[in-house]
Amino acid sequence: MSYQKDTIWTSLPIPAFILDTADRIVEINPAAELFANKSIRSLRGEPVWDKLAVDAPLEEAFARVRQNSAELFINDVDVSSGERPPQHCSVQIAPLSDDSGKLLLLITPREIAGRLGRTHNSKAAAKSAIGMAEMLAHEIKNPLAGITGAAQLLSMNLDKEDQELTDLIVAESRRIVKLLEQVEQFGNLRPPLRKAVNIHDLLDRARRSALVGYGAHMKIVEDYDPSLPATWADGDQLLQVFLNLLRNASEAADEGGGTIRIHTFYDHSLRRRHPDGSGLPVPLQIEIIDDGPGLPPDIAGDVFDPFVSGRENGTGLGLALVSKIISEHDGWIAVVSVPGRTVFRISLPVAPKSTEDEN
């Protein structure tokens, strides 16, 4: 490959395979190495079907592509590398232009496709909820203060049995006030005050806070890449994101507890695409992994939307706020969940070099 072609090949954010006429692997890009969890050296020359499992008859599709010299798209198939659970993907097969009979196989995991779309949609969803937030806070919060005060005054002249009713009014009013405070927080339009921050410092603060509070029944394991550079973020807002995800993971576990693993690593293949077509690398990866029951399947694809919650008393604002913050930091967030393993993955940009040098 020429320098330019080689750069494009290594920068592709989705797994790409070049196959010979016998469907053996000739070349793969870095994203495919990550997807297969194997190096190109160990895969080169291997039959692709020994390394990938696809729930579709792709051998027939390959024959059609070679016969017609035309690309083919296959949507909504499960693809597994054999060392991880199957992922819902779209597959594209195309012949190479050199008439060699070789094929280009592109695999787009649903996670990546969803993240690409979500980065453009989350801000719009946030703005819609912000209008409701301001209205609710103004129209409900002030009258609630009057209701609470009246109930407390009434309770002074009531017997114990009737006081239970006024206590219930006070308790429920305060619960609604807390909900409105969450809504007001979601409606905060203040842009992030970004500077170079160390991800691991924030994760450590979030971990320690969780262990002395809502996550005291959990085991929280650190699995960090200490070489990660700083990210460009509002430290307070990013801390709020980590606290929220750790709280969700803790509350998903049963009373006997469970394990949360915080995993950080560098993935140079990921880029966030802007509407104008330009791309921003988001190589800093943070994963919050729990061994709880997983997300309810009927809401798994919508958990970042406002007012969608899998908990009985959940408000559905926590993950919407998380998505809003990450989007405003030019990052991505995605979730993959099966019973026994839920992974929230955040991808963030690296701080500009000049700001890293200053810190």
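The values are calculated or read from the model by the stated rules, or taken from the named source; none is laboratory data. Computed from a predicted model, the values in this text were never measured in an experiment. Virtual Cβ from ideal backbone geometry, glycine too; neighbours counted across all protein chains shown.
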Legend entry - Identity of the residue in segment 13-23, in contact with a strand residue (DSSP E or B) (Cβ under 8 Å, 6 or more places away or on another chain) and in a loop (DSSP other than H, G, I, E, B), that ends up nearest to Lys51 (Cα to Cα): Asp23
Legend entry - Residue count, segment 144-163 (criterion: surrounded by 12 or more Cβ atoms within 10 Å (Cβ to Cβ) and assigned to a helix (DSSP H, G or I)): 11
Inset, instruction - Could you grab me the full set of residues in segment 22-42 that are without any contact (Cβ under 8 Å) to a residue 24 or more places away in the chain and within 18 Å of Gln87 (Cβ to Cβ)? - result: Ile28, Glu33
Inset, instruction - Please specify each residue of segment 53-74 satisfying the condition of being modelled with pLDDT of 80 or more and in a helix (DSSP H, G or I). - result: Ala61, Phe62, Ala63, Arg64, Val65, Arg66, Gln67, Asn68
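For every residue, the table says whether it meets (1) aliphatic (A, V, I, L, M); (2) modelled with pLDDT of 95 or more; (3) out of contact with any Cys (no Cβ under 7 Å at 6 or more places or on another chain).
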residue: Leu165; (1), (2), (3): yes, no, yes
residue: Lys178; (1), (2), (3): no, no, yes
residue: Pro191; (1), (2), (3): no, no, yes
residue: Lys195; (1), (2), (3): no, no, yes
residue: Thr231; (1), (2), (3): no, yes, yes
Legend entry - Hits in segment 324-344 - residues which are polar (S, T, N, Q), touching a Gly at 6+ places or on another chain (Cβ under 6 Å) and modelled with pLDDT of 85 or more: Thr342
Inset, instruction - Quick one: which residue in Leu228, Leu202 is in the same structural domain as Glu328 (by TED's automatic domain parsing), surrounded by 19 or more Cβ atoms within 10 Å (Cβ to Cβ), assigned to a loop (DSSP other than H, G, I, E, B) and not β-branched (Val, Ile, Thr)? - result: Leu228
Inset, instruction - Name the residue, out of Ile14, Ile18, Ile74, Ile25, that is under 22 Å from Pro283 (Cβ atoms), outside the structural domain of Arg341 (by TED's automatic domain parsing) and of a type in the set (Val, Ile, Thr). - result: Ile14
Inset, instruction - Count, please, the residues in segment 248-266 that happen to be more than 16 Å from His200 (Cα to Cα) and at pLDDT 85 or above. - result: 6
